1. Based on the alpha-carbon gyration tensor of chain B and its eigenvalue square roots a ≥ b ≥ c, which shape applies: rounded if a/c is under 1.5, prolate if not and a/b is larger than b/c, or oblate?
2. Relative contact order of region C:343-472: what whole-number percent is it, with Cα pairs under 8 angstrom and at least 6 residues apart?
3. Would you work out which of A:Ala302, A:Val252, A:Gln344 lies farthest towards the positive end of the dipole of region A:250-373? Charges go on Cβ: Lys and Arg +1, Asp and Glu -1.
4. Among bridges DSSP assigns within region C:137-245, what percent are antiparallel (round to 5)?
5. For a quick check: with amide H placed at 1.01 Å from N, whose amide H comes under 5 Å from A:His76's, ignoring anything fewer than 5 positions away on the same chain?
6. Tell me the relative contact order for chain C as a rounded percent, counting alpha carbon contacts under 8 Å between residues six or more apart.
7. Using DSSP, restrict attention to beta bridges with both residues in region C:239-370 and report what percent are antiparallel, rounded to the nearest 5.
8. For region B:86-102, what does the Karplus curve 6.51 cos²θ - 1.76 cosθ + 1.60, with θ = phi - 60°, yield as ³J(HN,Hα) per residue in whole Hz, taken in order and with x for Gly and Pro?
Amino acid sequence: MSYIPHTDEQREEMLRTCGVESISELFHDIPAELAPESFNIPEGKSEIEVLSYFEMLAEQNYSHLTNFVGGGFYDHFIPSAVDALVGRSEFYTAYTPYQPEVSQGTLQAIYEYQTDICRLTDMDLANASLYDGGTALYEACQMALRATGRERVILDGGVNPVYRKILTSYTANLDIQFTISPVSHGHSDRDKIFDAIDTDTAAVILQNPSFFGIIEDHSDIVQHCHDNGVLVIQSVYPTAMAMLKTPGEIGVDIAVGEGQSLGIPLAFGGPYLGFMATTKKLARRMPGRVVGRTVDRDGREAFVLTLQAREQHIRREKATSNICTNQGLCALRAHIYLSLLGKQGLLDVAQLCIDKAAYARERLDMIPGVEVMKASPTFNEFTVSLPMDAGEVVGAMVEKGFAPGLPLGRFYPGMENFLLVAVTEKRTKHEIGMLAETLEAVLCQ
Amino acid sequence: MTPDDRKYALTHEWLMIEENVGTVGITDHAQNSLGDITFVELPTVGEAVKKGDECAVIESVKAASDIYSPATGIISEVNSAVEDSPETINKDPYGDGWIFRLENMEEAGELVSADEYEKNLDSE
Amino acid sequence: MSVIFEKSVRGRRGVDLPKCDVPSKGHIDEAYRRGTSLDLCELSELDVVRHFTALSRKNFGVDNGFYPLGSCTMKYNPKALEAVARLEGFTDLHPFMPQLRHGGMLVQGALRVLYELERLLAEITGMDAVTLQPLAGAHGELTGMMLIAAYHRDKGNKKTEVLIPDEAHGTNPSSAAIGGYAVRAVPTDKKTGTLDLEALEQMVGEQTAAVMLTNPSTLGIFNSDIARIVEIAHEHDAQVYYDGANLNAILGRFRPGDAGFDVVHMNLHKTFATPHGGGGPGAGPVGVKKHLVDYMPISRVVKRDDNTYALDYDYPKSIGYIATFYGNFMVCLRAYAYILMLGASGLREASGHAVLNANYLMNRLKDKFKVAVPRTCMHEFVLSAEAEAEKGVHATDIAKALIDEGFHPPTIYFPLIVKEALMIEPTESESKETLDAFVDAMLKISAQVSACPEVLTSAPKSTPVNRPDEVKAARDMDVAWPRDNHEQ
């Protein structure tokens, strides 16, 4: 199936209009010696064949395991209305709203999404979104370097280890120095961070809750940074923002995060949603698209892309970022999700998450040999130490239908016996109980 | 009319020197080709700049333009009024729409008279 | 139409969550608690459904009508791709699953998608290997620049700049700059619409890290000198980068790999029919030649001897992680389904009809409008409304008038080197009837330029708004609805 509507007669007529006899004549600018050396692509298939092939592939994935894996990406409930509304093709078959008259739907939705993000984070303004939480952190980092004219960045050990790897690979060809400040008992180590700050430090990057699930009040770090002309970037978990001290409250300069938990399926890693919000002061340093509210010729309220002079299509090599698209449809999803849940709904999700996580902590802690790390408060994710290699335990648990958590040895050598367990509102008391019972049984074997 | 009481850079800045202080702005041609100016990023007072350095940015809806310092010196004053009302540069580029002032001026870049600047515009 | 926050009614709810079924009560200490009000809107499900349905009706997508937005390849997005993307075996799959013990075995279906799509894209572009990780075209460009930088670093080459034609998309110079290089623009020969070869020869040198090219160019012209350009660059060990924005023109007819390109990126949302989503998510896979394979980002998908698939991280020369996981997986999934449905001949037919449609439109319009480069075009062509502008009707007025005729406007004012540019890309999806209706509208507009220009300069009349004030938007910076404004 090639989705081409031309009949033979129409094609002939169109070729005549072009003054050629065949389609291949239109390609005469391609030199004969540059014809493809090969084009070994299988012949086309019907919709029925293709659908059944993908059904077969989908069945090979263990998406049905009872999921306690998080690490910044969570199995939250997505109300049916989200898919129904995002599935309207007026949204998903449109492109960048360059022509505001035919894009008021997308534009107003993004403006409202920006408002959601500002309200979640208590920041002054947000952009229309970036690719994902990791690249958003990288963009925030670039923004801080440019705003301060300095070249060093301090990265707290509580930041997602994958994000850390992203930051270092992007800057390999640039004069940027990263200092990683390891956590102490799961907490951001104030002394180490303060010691590391010097006059060439552009920013300190923090995460709340940390990768280990620990929640913190970073106010003191922000204060110290600002006293030294250093900007603070904080990566936050948006669901937790319903309950936790916000970046805006503690004076953070750039707030970023992964928006997946706001109605976006786990989908094996993407597409996701990087959100970014900042202060008025840094507004024009912010990368990415921004939608503004204005009036039209007749004085009617209207929405348009704005602050575009910072962007690549105008500033070219001097742009704040090379980013062109946003994650439009994912931002729309997040906005629909937040509109449906509303103020109380998001709080309820957050409360269910912490209640169920508290129950899971209690249940797991009762298992002989299992120790829940309790020195620090957590939100919906926590670290446990097991009496043996966590990877092996996970392997045995998978066979019994559980994805019991993320083994940390993969990211932190020396932490092979540690498991990071996440609990969302979707997990039931029964599932949590079964997790504990199965784990106990596996450990007894 | 391009005022003949000052010198011009071919990158469309003007420099007027009075009592060893140089005032810098952009020309009427420059403001006109940028269109409605929406934002000005000013340099920092006390900053040392060399001739030809990019030291300010002027944005309109469809364009952004770097302002190059027409001379070497120290930024002694910036026109914060244009930060709040950037349209002043559109309305009065040679007067209230000035951008910054320079002290301790040393070398100036290649600057031309009003006549030469206009001639150059015609040939552009 | 009111913003959603104005519709909020205190105490109203849109989603019912289950009662807490565990005996425990989680507690967040005051020191860590949010002290400000959350202030999200409070609405019923129907309120939300009506709001977003109303918003959708103020949008124009490919499903609404002809969308000849040049350089964006707004082809039809087959519904079967959406059906594939709804399969729970994909949507509910946690991206950290492969990090569990033997985790690769838990995601065999997903890994096979990645592996097979990489192979297909490599074959389509004539490259040796492909990574699906870049999350958008511009992200692919940056990844390509990082690969090139790693190559030069490894060889001890001291390279400082990247050469890019002046007609290129803005992302090219921006990506090169962010990759750490100075950027120099190579002029375009205005007559042929292709790169000025002499200028390139003078500019290229030992300092040149890469030459970035879009072919067909943004003017819709295929550069026949392409092999020579690659040769000139390679003489200085500069890498040649192929921006695949316009790949839809050449599917099955030209492969950048065969012409010697070292790096290529593709836009799955353009060429391979994944929906544009109102401005993303897209995907920008990158293909490379053998000498760059070692530098590719991790993880990489490999097929083992027992025909199972695995993620491999053991590439010491790799540039590292460029994305959190494995790319925009659901976008890749759709593109894979699209390629399987079309197959070899379908892909060739797609490029053939994309080019036929563009040439047909150009030929039907060329008597009334100035074609920027009057010669056979590829998948798109550029008109210049310079003559109309002299009569007071600008490219933007023509664009707005087209809206009143029921069409999405072309790309306007790009490429920057054409005055009053209108860049038209019809794609292969459109029927002759649609193209003829568009021609009729353009001819009508052409007649109106002299007869009643005010109709054009006051357009559009059929839309909810007419030419929003962009200067006010940029000056006022109202980018979030204020708190406590019109809210109950």
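1. oblate
2. The normalised contact order for region C:343-472 reaches 27 percent.
3. A:Ala302
4. Approximately 15 percent, going by the DSSP bridge assignments.
5. It is none; the list stays empty.
6. That works out to 19 percent.
7. Close to 65 percent.
8. x, 5, 4, 5, 5, 7, 9, x, 9, x, 4, x, 4, 10, 8, 10, 10
The numbers here are math on the coordinates, done by the rules we state, and not lab data. What you are looking at is a predicted structure, and each value in this text was computed from that prediction instead of being measured. Note that each Cβ is placed from the backbone with ideal geometry, even for glycine, and that neighbours are counted across all protein chains shown.
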